[in-house]
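Chemist: Got a structure here, written out as structure tokens. Questions coming.
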Amino acid sequence: MKSLLAFLTIACLGLSAPAFSAQIGDDGLHKEPWFSTTFRDVAEDIESATAEGKRLVMIFEQRGCIYCKRLHETVFSDPEVADYIQQHFMVVQYNMFGDEEVIDLDGRELTEKTAARAWSVVFTPTIMFLPETAPDDMTTAQAAVATMPGAFGKWTTLHMFQWVVEKGYEKDEHFQKYHARKLEEARASGALIE
């Protein structure tokens, strides 16, 4: 009887444990296997992404960020979101307080932390979406076509990535209107059950 009770207790504990545990790198940041490692030359990264038929996304995170953890464990772990991002984007991770060298679009040499300050990144996570071609007359922050500060749920995150792929930033439909429309379409099709 004791062994049956012990087995049931262990089984229940196993069921209540999270199904996904984000991998943590040596820098203390959460890692996805589909993140790209580059020399952090933004113009070069845009060219590389474009050559692969993708868009460049930069994500700023910091050690111990509970919102970053949430993003990785509840959003990036969703196959629909992860597959979409991998298909359409090259993602480069930045440490908001890191010392790795970064080369801005205007040619300035920075560190990750000075780039974060120069580009007005004050929240983690912050996701910056870059254009398809690298302009040489502006900074990365000026060139960004969209910025997503903070951790949002699956649908807001997925819709932001879709909005960028569809170049919503060039159209009249603001992201919030696009997001509301996409949610309504998902409800109508049964893909979103609340």
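Every number here is computed from the coordinates shown, using simple stated rules; none is lab data. Everything numeric here is computed off the predicted structure, so don't read it as measured data. Every residue, glycine among them, receives a Cβ derived from its backbone with ideal geometry; neighbour counts consider all protein chains shown.
Chemist: Tell me, what is the percent relative contact order of region 76-146, built from C-alpha pairs under 8 Å that lie six or more residues apart?
Modeler: 25 percent.
Chemist: As a test, work out the antiparallel percent of DSSP beta bridges whose residues both lie in the chain, rounded to the nearest 5.
Modeler: 55
Chemist: Hey, what do the phi angles of region 55-61 turn into as Karplus ³J(HN,Hα) couplings, whole Hz, using 6.51/-1.76/1.60 and θ = phi - 60°, x for Gly and Pro?
Modeler: Ordered by residue, 3J(HN,Hα) equals 10, 8, 10, 10, 10, 9, 9 Hz.
Chemist: Under the 0.36 nm per residue contour assumption, what length would be gained going from the current alpha-carbon distance of residue 44 and residue 142 to full extension?
Modeler: Extra length from residue 44 to residue 142 when fully extended: 33.6 nm.
Chemist: Further question: Apply the Karplus curve 6.51 cos²θ - 1.76 cosθ + 1.60, θ = phi - 60°, to the phi angles in region 70-75 and return the couplings in whole Hz, x for Gly and Pro.
Modeler: Computed from phi, the couplings for region 70-75 are 4, 4, 5, 7, 10, 10 Hz.
Chemist: Skipping prolines and chain starts, which residues have an amide H placed within reach, meaning under 5 Å, of the one on residue 55, given they are 5 or more residues away or on another chain?
Modeler: Residues meeting the amide H criterion: 89, 90.
Chemist: Sort 124-136, 40-52, 177-189 by packing, meaning the average of other beta carbons within 10 Å per residue, with the highest value first.
Modeler: Per-residue mean Cβ counts within 10 Å order the peptides as 124-136, 40-52, 177-189.
Chemist: Something else about it: Quote the FRET efficiency, to the nearest 0.05, computed for residue 132 versus residue 106 with a Förster distance R0 of 22 Å and r equal to the Cβ-Cβ distance.
Modeler: 0.75
Chemist: Rounded, prolate or oblate: pick one for the chain, where a ≥ b ≥ c are the square roots of the eigenvalues of its C-alpha gyration tensor, a/c under 1.5 means rounded, and failing that, prolate if a/b is larger than b/c, else oblate.
Modeler: oblate
Chemist: Here is a further query. Roughly how tilted is helix 42-51, in degrees to the nearest 10 and between 0 and 90, from the longest Cα axis of the chain?
Modeler: Helix 42-51 sits roughly 70 degrees off the main axis of the chain.
Chemist: Please report, in Å, the Rg and the Dmax of region 102-194, where both are computed over Cα atoms only.
Modeler: Reported Rg and Dmax, both Å: 15.8, 49.
Chemist: In debye, nearest 20, what is the charge dipole magnitude of the chain about its Cα centre with +1 on Lys and Arg Cβ and -1 on Asp and Glu Cβ, if you could check?
Modeler: Using only the charged Cβ atoms, the result is roughly 1080 debye.
Chemist: I would also like to ask the following. Just to check I understand the Karplus step: with θ = phi - 60° and J = 6.51 cos²θ - 1.76 cosθ + 1.60, what whole-Hz values come out for region 179-186, glycine and proline as x?
Modeler: Once θ is set to phi - 60°, the couplings for region 179-186 become 4, 4, 5, 5, 4, 5, 4, 5 Hz.
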